[in-house]
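Input: a single structure, listed below in structure tokens.
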Amino acid sequence: MNDSNQLDNFFMGPKRERDHRTGNKFFHKLRNWLPSKEQFYYLPRVLSRNERFIIVGLATVAFFSLLAIPISAHYHATVEVPAHGGSWTEAIVGAPQHINPLLLQANDADSDLTNLIFAGLLRYDRDGALTPDLAESYTVSDDGLEYTFKLKSDLRWHDGQALTADDVVFTILTAQNADYGSTQRVNWQGVDIAKKDERTISFRLKNRYAPFLGNATMGILPKHVWETVKPSNFSLAENNLRPLGAGPYKFSKNKRDSTGTIRAIDLIAFDAYADGKPYIDRITFQFYNSEQSAIAEYNKSNVDGLSFVSAQQLDSLHLKNQLSIHDLHLPRYFGVFFNQNQSRQLSDKKVRLALNYATNKQEIIEKILNGKGTIVDSPLLPGIIDIPDADTKYGFDVEKAKALFEEAGWEFADGQTVRGKTIKTDGKEEALKLEIEITTSSWPELAAVADLLKSQWEAVGAHVTVTTLPVTEVQQAIKERDYAALLFGEVLGLEPDPFSFWHSSQKKDPGLNLALYDNKDADKILENARQIMDPAKRKEQYAKLQNIILNDVPVVFLYSPNYLYAQPKRIHYTGGSIIAVPSTRFDTVHEWYIDTERKKK
């Protein structure tokens, strides 16, 4: 029998034999239509190569189409939601000293950890507005003098003990007691606190203070942990480095080097946090002495992200494509504050005016900040408080600067490159040179700004020296007001109260009137504006204030830098673009997530 006959028998004969056995018409027709096993076996020999490709392709499409049906149905019936799990490691410049909301100073490590470990009555949401944290609700009396807070039910500390109104009262009284040396004392002076019941506390102010609610973001301390600590031991207590709070994350462990310095701290999610357990299980912070060393460790993949990266260092991140660089806005600005008591040159208003006109702020933004900042021309930042632009602005104008120097008698002597002036002191003539010393922090960004100012001001005839100091020494210089011109920054807050920066009573430490500014009209506005509860009327007063300050020229306002937060891309960040201080970027941390899951709609 030849191959053709064999194939005929396979494609026709066996079918007929089976059909006779079934007797079922339907199956008879179906079997006549479908190939048998034997026919499938010979099918590849009958089909051409192109036909075989077509059949295989159609079969593949059919298979994946059938597979896609249940998958598609699942995706249409479910939605992706955050899931608990995951971790990340973040680098911070500095080292923890006091992880305690009552002892916070200019230390990012302390501030970041405190904000994660402790909770306040209120916190900021992603839009920069105040929202309840430990508090369930609050009310303000009609006269604006009494604030009553109701705590959420069943609040817990990280050790499981109940958090009550007693803890809130204890924290505020401790902050008010000068023996404890709290940096928060100034915010709570003149405030009476009373416990109404286990969940209710009221604050009574002697005078109305419009931004008072911002104080309620301060972290609360556990009374049962701190009540036995004497005031003299408050800043030395071990609890400052092994903190216990009620915030979204709780202290797990730390790692020290051979010198006893803390190099890393592990935090784990707190199951009983007031706003629900955070999605991300663990955060590890590693501490470094400089931004360069932190970036070097990131480039070695030893950390996942950076708490801050300066604009100048962005290009040094080798794995920048693995990061989300959040461009956050802070209510802060930098300027050169003039201490007229220590410089006869700067006591001349026309010299201060000329230096303003000689300052190219746009060059600072472009060269030092790589465009990551905005020019500042006023003591009140645009975008933070909505007031009209100042009547006076001192734009970059070299010729105007030179003319002002000439008007004030600061001229070039023959062959000199530095301006000078002859003045009379006690009937005697004295030759002065236009010499200015800028004092600032050794932080690379500020040091670079100071050097650029030096070149700009020397271009119009001043002789400028720059003194850069470690942070601790700068703080001491500020405390003693030991500088002629201070390049430094001020943080206004999202509900600005410029009182401590410009009122004459704040010229000495711990006040922050860095320019030692003294103007009776400004003082009156500062005293009254903070008591005005109507935001629109308060803004009217601040609009007047900025014009008074600018007219007196106590400072060269420079710029407001963006805060660049380098976070691993795998984290779904739910925060906003504006933060009160750097540490409040964590105010929505309990909403951040890495892992996801699908749930039915």
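The values are calculated or read from the model by the stated rules, or taken from the named source; none is laboratory data. All figures in this text were calculated on a predicted structure; none of them were measured in a lab. Reconstructed Cβ throughout: ideal geometry from the backbone, glycine too, with neighbour counts over all protein chains shown. Side chains are part of the model used for accessible areas, which takes the heavy atoms of the whole protein and leaves out ligands, DNA and RNA. Shrake-Rupley method; radii C 1.70, N 1.55, O 1.52, S 1.80 Å.
When a 1.4 Å probe is rolled over the protein heavy atoms, the share of accessible surface on the chain that falls to carbon and sulfur comes to 50 percent. In the complete set of protein chains, residue-level accessible area for TYR542 is approximately 0 Å², probe 1.4 angstrom. Pop the C-beta distance of VAL186 and LYS433 into the FRET formula with R0 = 41 Å and round what comes out to the nearest 0.05. The value I calculate is 0.55.
Cross-link reach is defined here as a Cα-Cα straight distance under 22 Å, omitting same-chain residues fewer than 8 places apart; for LYS421 the lysines meeting it are LYS349, LYS350, LYS400, LYS402, LYS433, LYS454. Dipole check for the chain: with +1 at the C-beta of Lys and Arg, -1 at the C-beta of Asp and Glu, and the Cα centre as origin, the magnitude is about 2700 Debye. Note that region 316-403, at 20 °C in a medium of 1.002 mPa s, gets a Stokes-Einstein diffusion coefficient of 135 µm²/s from its Kirkwood radius over C-alpha pairs. Spin-label model, SER65/ASP509: points 7 Å from Cα along the beta carbon direction are separated by 8.1 nm.
Modelled spin labels at ASN341 and THR417, positioned 7 Å past Cα toward Cβ, are 3.5 nm from each other. Once the C-beta distance of PHE396 and THR228 is scaled by a Förster radius of 41 Å, the resulting FRET efficiency is 0.10 to the nearest 0.05.
Candidate cross-link partners of LYS539 among the lysines, defined by an alpha-carbon separation under 22 Å and a same-chain spacing of 8 or more, comprise LYS393, LYS520, LYS524.
Counting only residues at least eight positions apart within a chain, or on another chain, the lysines with an alpha carbon under 19 Å from that of LYS569 are LYS300, LYS320. Taking amide H atoms as placed 1.01 Å from N in the peptide plane, the amide H of GLU136 lies under 5 Å from those of LYS150, LEU151, LYS152, each 5 or more residues away in sequence or on another chain. For the Cα trace of region 122-181, dividing Rg by the Kirkwood Rh returns an Rg/Rh value of 1.02. Expressed to the nearest 5 percent, the antiparallel share of DSSP beta bridges inside the chain is 75 percent. For the chain, adding -39500 (n - 2.57) for each run of n ≥ 4 DSSP H residues and dividing by the number of residues yields -9500 deg cm²/dmol at 222 nm.
For region 77-134, a/c is not less than 1.5, where a ≥ b ≥ c are the root eigenvalues of the C-alpha gyration tensor, and a/b does not top b/c. That puts it in the oblate class. Evaluated with a Cβ-only charge set (Lys, Arg +1; Asp, Glu -1), region 265-418 carries a dipole of roughly 180 debye about its Cα centre, given to the nearest 20.
When a/c reaches 1.5 or more, the comparison of a/b and b/c decides; with that in mind, is region 413-571 rounded, prolate or oblate per its Cα gyration tensor? Judged from the Cα gyration tensor, region 413-571 comes out oblate (a/c at least 1.5, b/c at or above a/b). Comparing ASN360, ASN299, ALA311 along the charge dipole axis of the chain, the residue lying farthest to the positive side is ASN299, per the Cβ-charge model. Determine, from the Cβ-Cβ distance of SER293 and LEU452 and an R0 of 30 Å, the FRET efficiency 1/(1 + (r/R0)^6), rounded to the nearest 0.05. Between SER293 and LEU452 the formula returns 0.75. Accessible surface ranking for TRP592, TRP443, 1.4 angstrom probe, highest first: TRP443, TRP592.
Cα-based values for region 556-598, radius of gyration first and Dmax second, are 13.8, 55 Å.
With the Kirkwood sum run over all distinct C-alpha pairs, region 142-230 has a hydrodynamic radius of 13.8 Å. Per residue, the convex hull spanned by the Cα atoms of the chain measures out at 285 cubic angstrom. The residues of the chain present an accessible area of 49 Å² per residue when probed at 1.4 Å with all protein chains retained. A simple spin-label model places pseudo-atoms 7 Å from Cα toward Cβ; at LEU213 and ALA536 they are separated by 1.8 nm. A 1.4 Å probe over all protein chains sorts GLU495, GLU90 by accessible area into GLU495, GLU90, starting with the largest.
Note on region 299-351: with charges restricted to the Cβ of Lys and Arg (+1) and Asp and Glu (-1), its dipole about the Cα centre is near 320 debye. Is the shape of region 45-94 rounded, prolate or oblate, going by the alpha carbon gyration tensor and its root eigenvalues a ≥ b ≥ c, with a/c under 1.5 for rounded and a/b larger than b/c for prolate? Oblate is the answer for region 45-94, as a/c is 1.5 or above yet b/c matches or exceeds a/b.
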